[in-house]
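Just below is one structure, and these are the notes that go with it.
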Amino acid sequence: MTESAWRQHMVYAYAVLRPTPEAAQAVATLRGVADEQVGLVETDDLAAAVGPVPAEEFEEGALRAGLEELPRLEALARGHHGVVAGLASLGAVLPLRLATVYRDEDRVRRVLQERRDQFLPLLERLAGHVEWGVKVYTDPTDSLAGDAAGAAEPTGGETAGGEGFLSPGRAYLAARRRRRRGAEEAWQTAARTAARIAEEAGGLAVGRVAHRPQRGELAQVGGGGTAGGGKPGGENIANDAYLVPADRAEEFRARILAAAEGQPGVRVEVTGPWAPYSFALPPEPEPAARPEPV
Amino acid sequence: MSGALDEEDARALAGREVALIDLLDRLLQGGVVLAGDLVLSIADVDLVRIDLRAVIAPVDAEHPAPLLP
């Protein structure tokens, strides 16, 4: 490529990995965030999967503006993920943060050299592991059923005497109280299930990262494997990522879904397997990354 | 997932059906952060996250961050 052609491009970096023939073969089949052909930048014992992207779209101002538009952000995220996921099957891949862009390949090479002592141990730790996402929700459809059951077999004094004796206003308040109690119980059941799942997961996982529970419009669009109904809705009360040895990945998934079975008012979603995005961070102070005893 | 996957498996792993929010959880909070020659710094990406909070994760009085797990 000529010097002037280079100036019109920047280098988008997706992931760090080992420079193997398999890696070279894998990137050759991948296209990136700008539908560009992905390739490898190599040093002695490290490589970065990169692609040339148009400077006018990826220089700082354009990129920042683009990231603030959801459709553009989504396209970028899916493009980035497509490359990382395409390399994850190689066994060890270190995903880079979204929108990691360099001026040229030499700068990428320099970063690989400068950070070599961090990248190599990280790659070693993540090799042969996958990430699973585990999300626990309260399930309002289920708790409504529980509420109806509660109304059918009165237990407390307020209903044992017959709601017929209550004024409409008091009956309404009693019903409201029951509903509120139902929601609270559903939340607590979900919380207990979340704790049990965390315990179960801790037995197989070598690392755990708690993401923020999901809220907002995007959270309403579900995905992933589900136990307990599979209907959307409900409040996300736990959103964790677990690092699991690849050869126990299916066992992990099965055990999590089994732990969630038969829990009324709770819905559990397992997503993945993911490339180890949530664990591709510089080593934290140890406790943060360890499974917590529950 | 251990060992090599054939092309179809690899495509499945690439996950066209992945929910955007799960992806953003990982891409905006995870992944190795490189500074130095980076054109767009991590601070900018965090800004983006804040700007998108209305869509991704509104936090208000009715939905305080739960204490779990």
Taking amide H positions as placed in the peptide plane 1.01 Å from N, state which residues far from residue A:96 in sequence (5 or more) or on other chains have amide H under 5 Å from it.
-> A:15, A:16, B:32
Is the shape of the stretch A:1-125 best called rounded, prolate or oblate, per the rule: a/c under 1.5 gives rounded, else a/b larger than b/c gives prolate, else oblate, with a ≥ b ≥ c the square roots of the Cα gyration tensor eigenvalues?
-> prolate
Please report the buried accessible area for the interface of B with A, total over both chains, probe 1.4 Å, in Å² to the nearest 100.
-> 5400 Å²
Per-residue average of Cβ from other chains inside 10 Å of A:206-219 | 5
Extension reserve of the residue A:173-residue A:247 stretch, reckoned as 0.36 nm per residue once the Cα distance is removed = 21.2 nm
Residue-count net charge about residue A:90 - beta-carbon cut-off 10 Å; Lys, Arg +1, Asp, Glu -1 = 0
Between residue A:59 and residue A:20, the FRET efficiency computed from the C-beta separation at R0 = 35 Å comes out, to the nearest 0.05, as 0.60
Neighbourhood charge, 13 Å Cβ-Cβ cut-off, centred on residue A:270 and excluding it, Lys, Arg +1 and Asp, Glu -1 | -4
Karplus-derived 3J(HN,Hα) from phi for the stretch A:87-97 (6.51 cos²θ - 1.76 cosθ + 1.60, θ = phi - 60°), whole Hz, x at Gly and Pro, runs 9, 4, 5, 6, x, 9, 9, 10, x, 9, 4
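The values are calculated or read from the model by the stated rules, or taken from the named source; none is laboratory data. No experiment lies behind these values; they were computed from the predicted model shown. All Cβ positions, glycine included, derive from the backbone under ideal geometry; neighbour counts span all protein chains shown. Heads up: the accessible areas ignore ligands, DNA and RNA and are worked out on the full protein's heavy atoms, side chains in. Shrake-Rupley method; radii C 1.70, N 1.55, O 1.52, S 1.80 Å.
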